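The values are calculated or read from the model by the stated rules, or taken from the named source; none is laboratory data. Being a predicted model, the structure only gives us computed values, none of them experimental. Cβ placement follows ideal geometry from the backbone for every residue including glycine, while neighbour counts extend to all protein chains displayed. In case anyone asks, the SASA skips ligands and DNA or RNA and just uses the protein heavy atoms, side chains included. Shrake-Rupley method; radii C 1.70, N 1.55, O 1.52, S 1.80 Å.
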Amino acid sequence: MLGTRLSMDEVRRELTVAGTSRPIPVLPAAGIFGANASGKSKLLHAMADMRHVVAGSFRRGDRTSGVFRRPFLLDERSREAPSEFRVDLVLDNVRWQYGFEVNDERVVGEYAYHSPRGRQALVFDRVGDVIQFGPAFRSDGRALERLFRHNALLLSVGGAAQDDTLVPLFEWFSNNLRLAEMSSRGIRAAQTATMMENSADRARVLALLRAADLGVTNAKVASIDLDPEARDRLERALRILNGTEGDAESADDWRFDVGDFVLLTHQGTSGEVEFEAGDESEGTSVWVGLIGPVLTALDQGSVLLADELGTSLHPHLVQRLIDLFQSPTTNKHCAQLIFNAHDVTVLGDNEYRSLGRDQIWFTEKDFDGATRLYPLVDFRPRKDEALRRRYLQGRYGGVPVLDRSEFERAVDLVEP
């Protein structure tokens, strides 16, 4: 998400960092493109998994629990090796570097550095059960050691204990790297619905519904009668989306239909007609499930992850959604959108495009099935280059290798 000399001037943000006179160029959006099964979704899941471990490794576990992770399955040695996560971010104008390694049983390593005065300072560095604390964090760190567990991140401990130094970083994970994917669409619609209970937010939700040219004229929160168990599940899921609780533990935490929460009204020939959930188009349901997370990200200046962004949405609507993050007018708090998609319309065939040249990434499978992520800037594209056309021609990689004769032979193998 760092800007380069290829950045679009009107999109790049200059982020002030404490202790230095040189701002950091930051990008508000990035799109990832590639063939099916090339790892686009896994990349977003990896970022969401980092949030999951930070948010829940202490609060949900005990000394007998394992550690949540999804190792690489196609190589036995990699499957047994630790999973490593790292993030570099600017939080309240202070630069942080944080990372950890975990296996199925324990935290292998963890570290945190920050630069409150421009020079990197150690907060803590952990190797196994041995922790070294930086001078400014030594007294707080020793207090946290009483809660220490081999299978819980120290950052998770610090967040639960409301440690002054670690809480801002812990809360960043609570409010960021939320993943919008198909399985969570229903509960994201509930987030949209709860926003409609506030008059100012309701106006924004309705404006985005109408602006999408879906024929929607009004919306209301559905009156649903849930049994106590389902209601508890709904309330917990909303807390997860609002960052006040760790991530979902199972798919059941998200299992709700869009129509359980929002009823839309459309203009008919003789007046307005309220649709049942099953009468809505797939694209309308997708859009309803995105409005709440998008508005929340823009309000909070947080990082939103969107899996298969173009699914069931017209390319023009996808472009307008990206524009909400790209424009300083609608994105005043430097929110960031990281998405993957198959629709390459946003790449454009001239200099007028939704994404800048340094906001485009590709995924490809290596010979061992692992994903390789690389940026378009590696190819030094011209400002007016026909990116969409050249990508579909395979000039940048990231496209499937499909042999027509193989398809024909496959059909011939099936005798009528």
**Item:** From the options R138, R188, residue that is charged (D, E, K, R) and modelled with pLDDT of 90 or more
**Value:** R138
**Request:** Consider only pairs whose beta carbons are under 6 Å apart and that are at least six residues apart or on different chains; among these, list those whose first residue lies in the range 58-86 and is in contact (Cβ under 8 Å) with a residue 40 or more places away in the chain and whose second residue is open to solvent by 80 Å² or more (accessible area, probe 1.4 Å).
**Result:** G66/E105
**Request:** For the range 206-225, indicate whether the set of residues that are at pLDDT below 70 and exposed (fewer than 14 other Cβ atoms within 10 Å of the Cβ) is non-empty.
**Result:** yes
**Request:** Considering each of V123, V87 in turn, give the residue that is open to solvent by less than 60 Å² (accessible area, probe 1.4 Å), at pLDDT 95 or above and within 30 Å of F367 (Cα to Cα).
**Result:** V87
**Request:** Return only the number of the condition from (1) at pLDDT below 65; (2) among the charged types (D, E, K, R); (3) under 22 Å from T311 (Cβ atoms) that E181 does not satisfy.
**Result:** (1)
**Prompt:** Which of the following residues is within 30 Å of A18 (Cβ to Cβ), of a type in the set (S, T, Y) and loosely packed, with under 14 Cβ neighbours inside 10 Å: S199, S139?
**Reply:** S139
**Asked** From the set of residues in the range 52-97 that are touching a strand residue (DSSP E or B) at 6+ places or on another chain (Cβ under 7 Å) and β-branched (V, I, T), which is farthest from L169 (Cα to Cα)?
**Response** V67
**Prompt:** Since A306 meets every condition but one in (1) in contact with a strand residue (DSSP E or B) (Cβ under 8 Å, 6 or more places away or on another chain); (2) closer than 21 Å to I187 by Cα; (3) open to solvent by 30 Å² or more (accessible area, probe 1.4 Å), which condition does it not meet?
**Reply:** (3)
**Prompt:** Mind checking whether some residue in the range 126-133 is of a type in the set (D, E) and touching a strand residue (DSSP E or B) at 6+ places or on another chain (Cβ under 7 Å)?
**Reply:** no
**Message:** Take the conditions in a helix (DSSP H, G or I) and more than 30 Å from L91 (Cβ to Cβ) and apply them to R202. Does it pass?
**Reply:** yes
**Prompt:** Just checking, how many residues over the range 4-29 are open to solvent by less than 60 Å² (accessible area, probe 1.4 Å) and hydroxyl-bearing (S, T, Y)?
**Reply:** 2
**Complete:** Wholly inside the range 66-179, helices (runs of 4 or more DSSP H) that include 1 or more residues that are over 23 Å from the mean Cα position of the chain (by Cα) are 76-80, 138-144, 154-160
**Residues within the range 30-45 that are open to solvent by 40 Å² or more (accessible area, probe 1.4 Å) and among the small types (G, A, S), tallied** = 1
**Message:** Which numbered condition in (1) open to solvent by 40 Å² or more (accessible area, probe 1.4 Å); (2) modelled with pLDDT of 90 or more is the only one that P228 fails?
**Reply:** (2)
**Asked** Looking at the range 333-353, which of its residues are more than 11 Å from L309 (Cβ to Cβ) and in contact (Cβ under 8 Å) with a residue 24 or more places away in the chain?
**Response** H333, C334, A335, Q336, V344, T345, L347, G348, D349, N350, E351, R353
**Fill in**
Selection from the range 1-26 of residues at negative phi and over 23 Å from the mean Cα position of the chain (by Cα) yields R5, L6, D9, E10, T16, V17, A18, T20, S21, R22, P23
**Message:** Taking the condition of being open to solvent by 10 Å² or more (accessible area, probe 1.4 Å) and not aliphatic (A, V, I, L, M), how many residues in the range 155-169 meet it?
**Reply:** 5
